[in-house]
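In what follows, a structure is listed as structure tokens, so that the remarks can point back to it.
The values are calculated or read from the model by the stated rules, or taken from the named source; none is laboratory data. What you see is a predicted model, and the numbers here were worked out from it, not measured in a lab. Reconstructed Cβ throughout: ideal geometry from the backbone, glycine too, with neighbour counts over all protein chains shown. The accessibility values were calculated without ligands, DNA or RNA, using every heavy atom of the protein model including side chains. Shrake-Rupley method; radii C 1.70, N 1.55, O 1.52, S 1.80 Å.
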Amino acid sequence: MRARRYMVACLAGDGIGPELMAEASRAVEAVSRMHGFVVDEIHAPFGGDAVRRFGHPLPAATRAACREADAVLIAATREPALEGVKAELDLSWRITRVRLARARRAQVTSVGTSPEWFAAVQAATERHAGVIVEHVPVEHVLPILAADPARFDVIATQELFAEALSNMAAFAHENVRMVASGRMSDAGAGVFGPTHGSAPEIAGQGVANPMAMLLAASLMLGEGLGERAAAETLERGVADALEDGVRTPDLVHSGPAATTRQFMDVLLAGLPSARRDTEFAA
């Protein structure tokens, strides 16, 4: 049987973007091989890198690559040129480190105020039997996110509240933070990337934390390409590496820390044991 094949446009940009994109490519290649599909990558100029080489942050060739790809993976989501990519793809909704509710406790929390919002949620609920939907006011959700973010599986919200809820979920609690986001359309490629900046002050030193970038790659695999088993393997691999005590300098208060490559080597070595699906079991 012919392997499933996807095209991904990779936009590394400046700062730590190129080194993080290189590690994400290693991870995607590893999990795609494990799960029986192929990801072809187009590494296109983007942001400051594109300005230096072509005089424009979003050259025509990069726009074309994004339009033709099945998904776009970006290492610098704070790059202003990203707005051009979003406009090119007509992205209409946002996702931040989301697992499908059916894969967990089948519960979705709806946060909205308008009659149109409630009608849209009701219509979606009727199309997905078995999913439990609770409607919670935003003023109740925010303190719960601050104190116990694991209380929620999936939060669906109006654009009005999306930024506040995403920020609270990402930064309010004390656990290790792995935050990625995606922008998607009803048809066509989605855009996925970490929420941190390009960190030029540490670029090229080999000490950047790759976790958010890897989570973005996982989000792309699961939500953008529909390869959810591979996405879960990669996300679980990140968690397992952390449990093994591997920490980059930003997570170490004293003592030795791992380089970006050392973290990745541990993660890649542990991917086979991070796999839980039985797609190819005899």
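Exactly one condition in (1) more than 17 Å from Trp93 (Cβ to Cβ); (2) at pLDDT 85 or above; (3) more than 24 Å from the chain's Cα centre (by Cα) is not met by Ala119; state its number. Unmet condition: (1).
Residues in segment 135-169 that are over 23 Å from Ser181 (Cβ atoms) and not in a loop (DSSP other than H, G, I, E, B): His135, Glu139, His140. Quick one: would you say Ser198 is within 30 Å of Arg33 (Cα to Cα), part of a loop (DSSP other than H, G, I, E, B) and modelled with pLDDT under 90? When the stated conditions are applied, Ser198 passes them. Quick check on my filter: what residues within segment 191-226 are of a type in the set (Gly, Ala, Ser), closer than 29 Å to Ser92 by Cβ, open to solvent by 30 Å² or more (accessible area, probe 1.4 Å) and touching a residue at least 40 places away in the same chain (Cβ under 8 Å)? The one that is of a type in the set (Gly, Ala, Ser), closer than 29 Å to Ser92 by Cβ, open to solvent by 30 Å² or more (accessible area, probe 1.4 Å) and touching a residue at least 40 places away in the same chain (Cβ under 8 Å): Ser198.
Would it be correct to say that Glu29 is in a strand (DSSP E or B) and surrounded by fewer than 21 Cβ atoms within 10 Å (Cβ to Cβ)? Spelling it out, it is not the case that Glu29 is in a strand (DSSP E or B) and surrounded by fewer than 21 Cβ atoms within 10 Å (Cβ to Cβ). Which one of Leu271, Leu267, Leu219, Leu234 is of a type outside the set (S, T, N, Q) and in contact with a strand residue (DSSP E or B) (Cβ under 6 Å, 6 or more places away or on another chain)? Every option except Leu219 fails the conditions.
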